[in-house]
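A.B. asks: One structure follows; several queries about it will come next.
The values are calculated or read from the model by the stated rules, or taken from the named source; none is laboratory data. Worth saying up front: this structure is predicted, and the values here are computed from it rather than measured. Cβ placement follows ideal geometry from the backbone for every residue including glycine, while neighbour counts extend to all protein chains displayed.
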Amino acid sequence: MTLIKSISGIRGTVGGPAGENLTPPDIVKFTTAYVRFIAARCPNRKPTIVIGRDARISGELVADLVEGTVLACGADVINVGLCTTPGTEMAVITYKADGGIILTASHNPRQWNALKLLNAEGEFLNDREGKQVLAMAEEDDYAYPAIDAIGQVVSREPFNDKHIEQVLALPAVEVETVRKRRFKVVIDAVNSVGGIVMPRLLRALGCEVVELNCEPTGEFAHNPEPLPQHLTEISQVIVREKADLGIVVDPDVDRLAFVNEDGSMFVEEYTLVAVADYILSLKPGATVSNLSSSRALRDVTERYGCHYYASAVGEVNVTTKMKEVGAVIGGEGNGGVIYPELHYGRDALVGTALFLTYLAKKGMTMTQLRATYPAYFASKNKIELTPAIDVDKVLREVKARYSNEKVNDIDGVKIDFPDNWVHLRKSNTEPIIRVYTEAHSMEEADALAQRFIAEIKNICQS
């Protein structure tokens, strides 16, 4: 069906023709290129690569192929097994490895998987590095090392408990403060690796935990993207159990969404907003989110007399901007919290621990806390791409039509109107054009989105 090669890694549907899907030859090809890339940075010694995966049905198959290929390329392996994306990133840092490969297609459905590629800092490769790996994958003159030079498996040990310990050791995470509140929490881990790690974290924080979809079978109980329309079950359970809140993570646990005590959505855009509010109260400084994220982060940042910055979409773009401006907190409006005091990666564990600390310190309910933030409503839509759609032409035409408005084209086209905004961009992870809007009411956001969807269709037909 699809094989997407981008800044976000090598992502595709499992099965089908090689070169068009994520098949064994494709997995070997791109893993080989990545190990060659890492090895070039480690002259005169064997590199060490961390491998971790989520609980997808294809995970074990892909992991075995990746591990064998890494060893065949002459690199050693630290295999952390079922592990979150942020956990695998932290393992690279903790073990001082030379890189890492995370096997996850994040929020994509069950038929997808992917190779996400990390550098020695446990961060995603940047655009230049990613392009270098893709170019190396097309070279056909590589000779694999002889038997005496193949790699070894250094260890096969889970890393999840170490990750939890590192989160709980952060000064901003007040474990005893959270324990005193004795929160009752429903956790929905969509039957992936979050079912292993999130209940452990919550219990370590003294929470009473109600587990929902926490068996790591890879059979996702609902669409794995943590959007409101997919979270009806947890809303009902929260009300029935009289819980204080609900927590939802995606299959690889880098995205985090909260649900209020009455079953309503805290809204994943506000995950980062609330955590940033807490961090800014401790340490004022710059904040960063991507162009598709809510204006609410800007508003909260300015309350503290600090500066907000926008980056292109993509975790590596956010972290690059955060380092550039020395941000104290950042992330993406899809529920991705990046806290540099731990590491430069979206991390639902650290997001949860910081959020619960703030909620405990404020002494508020979820709905009371949510009411302290500006009310914005986001509409997230998409247009399926076909060969007939020229995305670059569409974006050029839209930019030209709205040249008198405040336009940012560092990533697609974002038009900031006085009371709302629209962001149009080609996805890095799916064959779609994303159409994101935000306004002061859901009706206004939806109407703005439909207006631009209609404009795009008209441009495509012209």
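A.B. asks: Tell me which residues, restricted to segment 258-270, are among the acidic types (Asp, Glu) and either in a strand (DSSP E or B) or at pLDDT below 95 (or both). Step through it out loud before you land on a result.
C.D. replies: Going residue by residue through segment 258-270, those that are among the acidic types (Asp, Glu) are 261-262, 268-269.
Within segment 258-270, GLU268, GLU269 qualify.
A.B. asks: Have a look at THR365, THR386, THR357, THR429 and point out the one that is modelled with pLDDT under 95 and either within 22 Å of the chain's Cα centre (by Cα) or assigned by TED's automatic domain parsing to the domain that holds ARG179 (or both).
C.D. replies: Selected residue: THR429, the only one of THR365, THR386, THR357, THR429 that is modelled with pLDDT under 95 and either within 22 Å of the chain's Cα centre (by Cα) or assigned by TED's automatic domain parsing to the domain that holds ARG179 (or both).
A.B. asks: Still on this model: Between residues in segment 33-60 that are over 30 Å from GLY195 (Cβ atoms) and residues that are acidic (Asp, Glu) and in a loop (DSSP other than H, G, I, E, B), which pairs lie under 7 Å by C-beta distance while being six or more apart or on different chains?
C.D. replies: Going by the 7 Å Cβ cut-off, the qualifying pairs are ILE38/ASP98; ARG41/ASP98; CYS42/ASP98; PRO47/ASP98.
A.B. asks: If you check VAL153 against the conditions, is it in contact with a helix residue (DSSP H, G or I) (Cβ under 9 Å, 6 or more places away or on another chain), among the β-branched types (Val, Ile, Thr), at pLDDT 95 or above and within 30 Å of GLY246 (Cα to Cα)? Walk me through it before giving the result.
C.D. replies: Values: in contact with a helix residue (DSSP H, G or I) (Cβ under 9 Å, 6 or more places away or on another chain): yes; among the β-branched types (Val, Ile, Thr): yes; at pLDDT 95 or above: yes; within 30 Å of GLY246 (Cα to Cα): no.
The answer is no for VAL153.
A.B. asks: Moving to a separate point now. Could you pull out the residue among PRO224, PRO284, PRO216 that is closer than 22 Å to ARG200 by Cβ and out of contact with any Pro (no Cβ under 9 Å at 6 or more places or on another chain)? If you could, list the steps in order and put the result at the bottom.
C.D. replies: Values: PRO224 fails: out of contact with any Pro (no Cβ under 9 Å at 6 or more places or on another chain); PRO284 fails: closer than 22 Å to ARG200 by Cβ.
Sole residue among the options that is closer than 22 Å to ARG200 by Cβ and out of contact with any Pro (no Cβ under 9 Å at 6 or more places or on another chain): PRO216.
A.B. asks: How many residues are touching a strand residue (DSSP E or B) at 6+ places or on another chain (Cβ under 7 Å) and closer than 15 Å to ASP252 by Cβ when one looks only at segment 197-212?
C.D. replies: 1
A.B. asks: Right, here's the next one. Out of SER311, SER264, SER235, SER281, which single residue is of a type in the set (Gly, Ala, Ser) and surrounded by 24 or more Cβ atoms within 10 Å (Cβ to Cβ)?
C.D. replies: After ruling out the rest, the residue left standing is SER311.
A.B. asks: I would also like to ask the following. Can you tell which of ALA55, ALA91 is farther than 24 Å from VAL316 by Cβ, at pLDDT 95 or above and crowded, with 23+ Cβ neighbours inside 10 Å?
C.D. replies: ALA55
A.B. asks: Any residue in segment 18-33 that is farther than 11 Å from LEU117 by Cα, touching a strand residue (DSSP E or B) at 6+ places or on another chain (Cβ under 6 Å), among the β-branched types (Val, Ile, Thr) and not assigned by TED's automatic domain parsing to the domain that holds VAL316?
C.D. replies: Within segment 18-33, not a single residue is farther than 11 Å from LEU117 by Cα, touching a strand residue (DSSP E or B) at 6+ places or on another chain (Cβ under 6 Å), among the β-branched types (Val, Ile, Thr) and not assigned by TED's automatic domain parsing to the domain that holds VAL316.
A.B. asks: OK, next. Of all helices (runs of 4 or more DSSP H) completely enclosed by segment 148-257, which ones contain at least 3 residues that are among the basic types (Lys, Arg)?
C.D. replies: 175-181
A.B. asks: For segment 110-131, check the following and say yes or no: at least one residue is over 21 Å from the mean Cα position of the chain (by Cα) and either part of a loop (DSSP other than H, G, I, E, B) or of a type outside the set (Phe, Trp, Tyr) (or both).
C.D. replies: In the first step, residues of segment 110-131 are kept if they are over 21 Å from the mean Cα position of the chain (by Cα); the result is none.
No.
A.B. asks: Got a number for residues in segment 245-268 being more than 13 Å from the chain's Cα centre (by Cα) and acidic (Asp, Glu)?
C.D. replies: 2
A.B. asks: Then there's this: So how many residues does segment 176-214 have that are more than 20 Å from the chain's Cα centre (by Cα) and in contact (Cβ under 8 Å) with a residue 60 or more places away in the chain?
C.D. replies: Residues flagged as more than 20 Å from the chain's Cα centre (by Cα) and in contact (Cβ under 8 Å) with a residue 60 or more places away in the chain within segment 176-214 amount to 11.
A.B. asks: Check off (1) buried (at least 23 other Cβ atoms within 10 Å of the Cβ); (2) modelled with pLDDT under 95; (3) of a type outside the set (Gly, Ala, Ser) for VAL316 and give me the number that stays unchecked.
C.D. replies: Checking VAL316 against (1) buried (at least 23 other Cβ atoms within 10 Å of the Cβ); (2) modelled with pLDDT under 95; (3) of a type outside the set (Gly, Ala, Ser), the one that fails is (1).
A.B. asks: Of all residues in segment 319-375, how many are buried (at least 24 other Cβ atoms within 10 Å of the Cβ) and among the basic types (Lys, Arg)?
C.D. replies: 1
A.B. asks: Yes or no: VAL185 among the β-branched types (Val, Ile, Thr) and surrounded by 15 or more Cβ atoms within 10 Å (Cβ to Cβ)?
C.D. replies: Answer is yes for this residue.
A.B. asks: Looking only at segment 120-135, count how many residues are buried (at least 19 other Cβ atoms within 10 Å of the Cβ) and over 13 Å from PHE30 (Cβ atoms).
C.D. replies: Qualifying residue count, segment 120-135: 3.
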